[in-house]
1. Just to verify a result, which residue in the stretch A:58-70, among those that are within 11 Å of DNA strand C (Cβ to nearest atom) and surrounded by 13 or more Cβ atoms within 10 Å (Cβ to Cβ), is nearest to A:Arg22 (Cα to Cα)?
2. Considering only the stretch B:65-77, state which residues are touching a residue at least 24 places away in the same chain (Cβ under 8 Å) and away from DNA strand D (no atom under 13 Å from the Cβ).
3. Got a number for residues in the stretch A:79-93 being without any contact (Cβ under 8 Å) to a residue 40 or more places away in the chain, closer than 26 Å to A:Gly29 by Cα and open to solvent by 40 Å² or more (accessible area, probe 1.4 Å)?
4. Considering only the stretch B:1-91, give the helices (runs of 4 or more DSSP H) lying wholly within it that have at least 2 residues that are away from chain A (no Cβ under 11 Å) and among the aliphatic types (A, V, I, L, M).
5. How many residues does the stretch B:12-43 hold that are of a type in the set (A, V, I, L, M, F, W, C) and in contact with a Leu (Cβ under 9 Å, 6 or more places away or on another chain)?
6. Among the residues of the stretch A:28-57 satisfying the criterion of being in contact with a helix residue (DSSP H, G or I) (Cβ under 8 Å, 6 or more places away or on another chain), within 9 Å of DNA strand C (Cβ to nearest atom) and of a type outside the set (Gly, Ala, Ser), which is least open to solvent (accessible area, probe 1.4 Å)?
Protein chains: 2
Amino acid sequence: MVKYSQAQYDASFGALSDATRRGVLEQLGRADASITALAERFHMTLAGMQKHVGILERAGLVITEKVGRVRTCRLGKRALEEEAAWIESYRQLWATRFDELDIVVEEMKRKEKADGRN
Amino acid sequence: MVKYSQAQYDASFGALSDATRRGVLEQLGRADASITALAERFHMTLAGMQKHVGILERAGLVITEKVGRVRTCRLGKRALEEEAAWIESYRQLWATRFDELDIVVEEMKRKEKADGRN
DNA sequence: GCTATACTTTACCATTCGGTTTAGTATTGC
DNA sequence: GCAATACTAAACCGAATGGTAAAGTATAGC
């Protein structure tokens, strides 16, 4: 199931585990934005937003570029392909597992009936 | 884009942000397991594994049941539907955004040519 | 009934997280 | 050149993480 490094999954799922950061991603999906703009939109200090952007950047989900005194944030090259693949792979495993359990349940019902006849 | 509570996304993406917990999910996809079995398989103390299982349980990804002195862990009812949906939705946004940027780049190229003619 | 097993609880530890404040640096605009 | 703007860096804070060890409880098996 491992598609790429565990550390990458750690970083990207970790990045997604915070509502503010998910919001920033959605926002950047609509338009690039400066750190100040993002900080205002999410009601937090500049320094606070900087940390969130740093986490998104380290996860490869966002890239930033400083021009003059403004650092502009935009979506990175990675569109969560591997994360989507991991989840899909898990969902498949999950479905298979539940099919197995269904079989077990069926088996149990069958046995119960048989026991009832003894 | 919000499909259900932010806290739910926080919990499940947070649960997925650790390699041990992802491993536990994959393991439980193959067979149910006791806390002790999981602790051994992932080379950690019982108490340590108990915390991981607790996090997975709170995220709704795992359910446990104690019979006698053994607590058995199995996959929960939720198969990361909403998380998969969030990521897919984001991937769509991402693709759209990059199409927009392509248009901007095209526009710039067009203008450059026009400027070159002046 | 005694022992081993399986878990639970608690306390502890270092690190990270999500946030702040404060003080600094670099740019812009008048 | 000077004030405002935009970020950067650092220190600090309380809470959560990821792990441990140690002591307690409950159950299984002889």
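The values are calculated or read from the model by the stated rules, or taken from the named source; none is laboratory data. Fair warning: this is a prediction, and the values are worked out from it, not measured in the lab. We place every Cβ from the backbone using ideal geometry, glycine too, and count neighbours over all the protein chains shown. For accessibility, only protein heavy atoms count, side chains too; no ligands or nucleic acids. Shrake-Rupley method; radii C 1.70, N 1.55, O 1.52, S 1.80 Å.
1. For the stretch A:58-70, the residue satisfying everything is A:Ala59.
2. Scanning the stretch B:65-77 gives B:Cys73, B:Arg74, B:Leu75.
3. So the answer is 2.
4. Values: elements: B:6-16, B:19-30, B:35-41, B:46-58.
So the answer is B:35-41, B:46-58.
5. Kept after step one, since they are of a type in the set (A, V, I, L, M, F, W, C), are these residues of the stretch B:12-43: B:13, B:15-16, B:19, B:24-25, B:28, B:31, B:33, B:35, B:37-39, B:42.
Next cut, in contact with a Leu (Cβ under 9 Å, 6 or more places away or on another chain) only: B:13, B:15-16, B:24-25, B:28, B:35, B:38-39.
Of the residues in the stretch B:12-43, 9 are of a type in the set (A, V, I, L, M, F, W, C) and in contact with a Leu (Cβ under 9 Å, 6 or more places away or on another chain).
6. Filtering first and then ranking leaves A:Met49.
Residues are listed down the side, and each one gets a yes or a no for (1) within 13 Å of DNA strand D (Cβ to nearest atom); (2) modelled with pLDDT under 95; (3) closer than 15 Å to A:Leu80 by Cα:
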| residue | (1), (2), (3) |
| --- | --- |
| A:Phe13 | yes, no, yes |
| A:Ala19 | no, no, no |
| A:Gly23 | no, no, no |
| A:Glu26 | no, no, yes |
| A:Ile35 | yes, no, no |
| A:Leu38 | yes, no, no |
| A:Leu46 | yes, no, no |
| A:Lys51 | yes, no, no |
